[in-house]
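The values are calculated or read from the model by the stated rules, or taken from the named source; none is laboratory data. In this text, all values refer to a predicted model and were calculated from it rather than measured experimentally. Cβ placement follows ideal geometry from the backbone for every residue including glycine, while neighbour counts extend to all protein chains displayed. For the accessible areas, the whole protein counts, side chains as well, though only heavy atoms, and no ligand, DNA or RNA atoms are used. Shrake-Rupley method; radii C 1.70, N 1.55, O 1.52, S 1.80 Å.
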There are 2 protein chains.
Amino acid sequence: MRLSIASYGLLLICVCLLIHLELAWISGHSAGESAELPAAEQAREYYELYENVWKDLVYFPIPESSEDEKAEVSFENSWMFERTYGGSYGHEGTDLMPSVDRSGYYPVLSMTDGVVENIGWLEKGGWRIGIRSVHDVYFYYAHLSSYAEDFQKGDVISAGQLLGYMGDTGYGKEEGTSGQFPVHLHVGIYVRTEEIPELAVNPYWFLRYLEQHKLKYSFS
Amino acid sequence: MRLSIASYGLLLICVCLLIHLELAWISGHSAGESAELPAAEQAREYYELYENVWKDLVYFPIPESSEDEKAEVSFENSWMFERTYGGSYGHEGTDLMPSVDRSGYYPVLSMTDGVVENIGWLEKGGWRIGIRSVHDVYFYYAHLSSYAEDFQKGDVISAGQLLGYMGDTGYGKEEGTSGQFPVHLHVGIYVRTEEIPELAVNPYWFLRYLEQHKLKYSFS
């Protein structure tokens, strides 16, 4: 018996329908597999990482001076303000601006317990130090005039420990480049997610909180 | 009847066309499904929503008493601690526990400007009020003994405004059920994402921050 064209057509339609159903099933199936986390769980995971910052914060990074009442710092919410050194990008941090514009004057303290993860020169950050805190948050202090000690990667740091002094280093490939901008401390805070090794969060609010937790140092 | 070569050719073209359409369908379909945001953007969106809470916070919800020094509240981080009324679930809030265990004693103030979104009895929350703040965050105050005014949905609220009094209402279908647990204020904070209308965030850290921003009320 021979098949008519109509039969061929019918067969073709059946085959296509089966292929379609099969592929739909696969696609649905793989959607299930890649069904990553539902949105709420995903959000909650991110929020837990974010809240880890809280858990580690102890002190405001600039102490009050017990001798010089005018030695204050101010800061605003400059999150994602445009920065243009070496290309245009958003400001991933908060700048603490001193009332006394003198490099090497203000002590810079660690906000947290932690371990030195990075130390030394960065073209943008100048003399910087990066501390990994107990809950896996990265605290980045940039533009220092100098370090308080000969820190090495892996050194254990205590909250409130003197890291170095506020300066104006950076914005240059050559180590020690300074004076390219006003003296200030750039504070960056980064959490680590499964997909993103360095996810910047806005330090502004944390610093607002820490304003109530200032140490007093003797400097003038 | 036999199929001519031309008919076979036509059939082949049809099959190819169908496969092509099918693949286009799949690719469009799955691309659409997985077309979510890259992880970093997604995280940043969630963090922006979270940081909106900061932007609206003004006052701690329980004022200090100018007359009774002992009228304090304490609180711990009880986020997701098990609660069992009407089934087992995580605690989506922070409980402010009074030093004076008296219903109707402590004023409860709005932490933010906003608008009354919910008011009245809830089986779990008792007499509760929910305020939607300027940056679209929902602040939930539960177990009140009474309201300060005959609030209506849509009423505009100012930060620091008296909402009612701390009590022990709730855990009952019947309006006014009280005394099922110690007097306290349950504070809940919810952000709204595109997918999740009520995503709870942990109020503990925000309350820690607000501790530095207490109003003084005359009550004893």
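Using the 1.4 Å probe convention, the accessible area of the range B:101-173 works out to 37 Å² per residue with neighbouring protein chains retained. Under the rule a/c < 1.5 gives rounded, and otherwise a/b versus b/c splits prolate from oblate, where does the range B:41-217 land using the Cα gyration tensor? Rounded. Of the DSSP H helices in chain A, those that are both long (alpha-carbon extent of 15 Å or more along the helix axis) and hydrophobic (Kyte-Doolittle mean at least 0.0) are A:5-33. Summarising the amide proton neighbourhood of B:LEU122: residues at separation of 5 or more, or on other chains, whose placed amide H is nearer than 5 Å comprise B:TRP127, B:ARG128. With label points defined 7 Å past Cα in the direction of Cβ, position A:TYR85 shows copy-to-copy spacings of 5.6 nm, given to one decimal and shortest first.
So what's the net charge close to B:ALA71: Lys and Arg +1, Asp and Glu -1, counting the other residues with Cβ under 14 Å from its Cβ?
Once positives and negatives cancel, what remains is -2.
Label point of A:LYS55 (7 Å along Cα→beta-carbon): distances to the other copies' equivalent points are 2.8 nm, sorted ascending. What gaps in nm, shortest first, separate B:GLY179 from its twins in the other copies when you place the label 7 Å past Cα toward the beta carbon? Copy-to-copy label distances at B:GLY179, shortest first: 7.9 nm. Quick check: from the Cα gyration tensor, does the range A:118-220 come out rounded (a/c under 1.5), prolate or oblate? Note, shape of the range A:118-220 comes out rounded. For B:LYS216, the lysines whose Cα falls under 16 Å of its own Cα, not counting residues fewer than eight places away in the same chain, are B:LYS70. Take the accessible area of A alone and of B alone, subtract that of the pair with a 1.4 Å probe, and the total buried over both chains is about 3700 Å². The alpha-carbon of A:LYS153 sits under 25 angstrom from the alpha-carbons of these lysines, leaving out residues fewer than 8 places away in its chain: A:LYS55, A:LYS124, A:LYS173. The sum of -39500 (n - 2.57) across all DSSP H runs of n ≥ 4, divided by the residue count of chain A, sets its helix-only mean residue ellipticity at 222 nm to -8500 deg cm²/dmol.
Maximal additional length on extending the A:VAL156-A:SER74 stretch stands at 26.6 nm, based on 0.36 nm per residue less the C-alpha distance. Within the shell defined by Cβ-Cβ distances under 13 Å, the residues around B:GLY172 carry a net charge of -2, with Lys and Arg each +1 and Asp and Glu each -1. In this structure the amide hydrogen of B:SER78, modeled in the peptide plane, comes within under 5 Å of the amide hydrogens of B:ASP95, none closer than 5 places in sequence on its chain. Electrostatic bookkeeping for A:MET80 treats Lys and Arg as +1 and Asp and Glu as -1; over the other residues with beta carbon under 12 Å from its beta carbon, the sum is -2. Residues whose amide H comes within less than 5 Å of that of A:TYR106, counting only those at least five positions distant or on another chain, are A:MET166 (H built at 1.01 Å from N in the peptide plane).
Across the range B:133-192, C-alpha contacts under 8 Å between residues 6 or more apart give a mean separation that, scaled by the residue count, equals a relative contact order of 45 percent. The order of the peptides A:79-89, A:126-136 by mean Cβ neighbours within 10 Å, most packed first, is A:126-136, A:79-89. Inter-chain neighbour count for A:39-52: the average number of beta-carbon atoms from partner chains within 10 Å of each residue's beta-carbon is 6.
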